Amino acid sequence: MIVSVFEGPRARPWAALCMGVLACLTVQTASAAECPGHPDAIGTSRTIVVDPRAYPIIGTMQYGKTLPLEDHEVVLTFDDGPLPKYSNQILDILAAHCAKATFFLVGSQANANPEGVRKVRDAGHTVATHSQNHPAGMDRLPFDRSKHEIEQGIASVTAALGDGTAPAPFLRIPGLRRTDEIEEFAASKGLQLWSADFPADDWRDVSANRVYELAMQRLERKGKGILLLHDIQPRTVTALPRILSELKARGYRIVHVVPATPERPATPTEPQQWQLRPPSEVVAISRWPKVSKFAAAGPAELPVPALSDLDWHTADLGAHAPRRRRGVPLPPATPWPRQTSLSPVGTLAALPIPAESIFNIPESTRVAMLALSARRTTSVAQVRSTEVSSARLAGKSRRHDRAATAQPPVPSGQTAQAPEGASGTAPKPAAQAKRNARSVRVAGLKKR
């Protein structure tokens with residue numbers, strides 16, 4: 001009934017919206033019905049079947065594609081098990097929430113605990129592989145060693161299943177340490193390499209609350225995707241119930257992934273669904289109309305102009321160019337194309353010699369230069385005369401001050417007497433004038 005409504009040619013938007021709401025209610029009811037005694041279980045909303053050969057690499061932490069999930073859909077994955085102490089608790093938590101996941105098991109762990117491998121299978125989860133010994137730096141190993149790790153891990157998990165069936169052709173490289181050779185080898189074997197869309201860092205030395213916070217924060221940024229966890233960590237056991245409860249509270253849904261088989265074909269999808277953020281239909285570039293193809297009404301080729309059409313007859317174009325002042329006019333030049341003639345090899349090119357008249361200075365310019373030189377000479381003489389006069393005045397002032405200082409004060413009632421020399425007579429006026437003239441010359445910087 002739902003298919004007929006959505007595929008009908010006259011389906012209306014309001015009808016599709018109503019049926020979508022009804023479908024969501026149906027999913028929640030089915031999830032609760034599958035988990036008797038657990039009304040708060042998140043359940044598994046749907047199962048998608050994928051063909052590993054069609055999409056050999058997934059997970060946006062390393063690749064450009066991921067699983068074809070809708071918004072608010074999450075795929076749970078667990079690495080490094082089985083380890084009975086914690087893996088069995090993880091299985092019990094998932095069973096209480098009726099949530100299905102994908103377990104990437106290590107071959108050596110499967111050999112040590114084959115019953116744990118069968119528990120994963122019997123609980124309805126997908127059994128995948130994670131190499132034989134979980135090498136820390138698989139990208140640094142020789143390719144033959146990496147190849148052996150992959151093949152031996154698959155063989156160990158197959159043996160642990162014990163019913164002749166093989167695990168799902170899903171492979172996750174330890175530490176996500178991919179190489180081109182590993183990817184090519186996995187594709188040749190029909191294996192699908194799983195990365196992840198967001199981790200919770202539960203393999204680090206962090207608290208269970210931090211695992212919960214990272215899982216929800218990163219999921220909120222992505223909106224959907226593959227969550228990477230580990231079923232051998234006690235912090236994961238503590239954080240998982242809270243993560244599942246919060247996923248349901250925020251409207252997220254759990255999706256289970258299984259491989260395609262001849263009896264179970266792959267879920268039909270479109271290529272853009274394998275992108276985490278497919279191109280939106282409202283983006284301008286995706287809605288840009290295509291350019292129509294018009295039939296040519298005339299010849300396919302346009303006529304090409306002949307070379308003679310470019311031979312412009314403008315040899316006298318520069319003859320009437322205006323001259324500026326007394327500059328030398330340039331010889332007339334023909335615009336492009338210009339015919340250039342090369343001089344014979346071995347001859348020197350003769351450059352034109354400038355005319356003598358170019359260097360002649362006009363009479364008016366010469367007179368102006370002489371007048372400018374005379375004005376400069378007069379100005380220098382005036383400056384020097386002013387300096388001499390200033391020096392003379394300064395010398396007289398200093399002498400007057402020294403004389404006034406050297407003469408003692410005259411007491412009241414006495415008449416001032418002129419100073420006497422050694423013979424008791426005052427100096428002669430002529431000698432005093434000579435000394436003054438010598439001081440003026442020294443102050444005027446004319447001493448030789």
Per residue of region 138-145, what does 6.51 cos²θ - 1.76 cosθ + 1.60 with θ = phi - 60° give for ³J(HN,Hα)? Whole Hz please, x for Gly and Pro, Karplus curve as stated.
5, 6, 9, 6, x, 4, 4, 5
Can you list residues whose amide H is under 5 Å from LEU105's amide H, if they're 5+ apart or on another chain and H is modeled 1.01 Å from N?
ALA128, THR129, HIS130
J(HN,Hα) series, region 119-127, from Karplus relation 6.51 cos²θ - 1.76 cosθ + 1.60, nearest Hz, glycine and proline x:
5, 4, 5, 5, 7, x, 7, 8, 9
Using modelled backbone amide H atoms (1.01 Å from N, in-plane), which distant-in-sequence or interchain residues come within less than 5 Å of PHE198's amide H?
ILE226, LEU228
Interchain or sequence-distant (5+) residues whose placed amide H lies within less than 5 Å of the amide H of GLN233 are none
For ALA355 paired with ASP92, estimate the spin-label separation in nm (one decimal), with each label point 7 Å from Cα along the Cα-to-Cβ line.
11.5 nm
From the phi angles alone, apply the Karplus equation (6.51, -1.76, 1.60; θ = phi - 60°) to region 209-219 and give each ³J(HN,Hα) in whole Hz, x where the residue is Gly or Pro.
5, 5, 4, 4, 4, 5, 4, 6, 4, 6, 5
For region 29-97, one quarter of the surface area of the C-alpha convex hull, expressed in nm², comes to 6.6 nm²
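All of the numbers you see were taken from the coordinates with simple rules; none came from a lab. Computed from a prediction, not measured in an experiment: that's the story for all the values here. Positions of Cβ are generated from backbone atoms using ideal geometry, with glycine treated the same way; all protein chains shown enter the neighbour counts.
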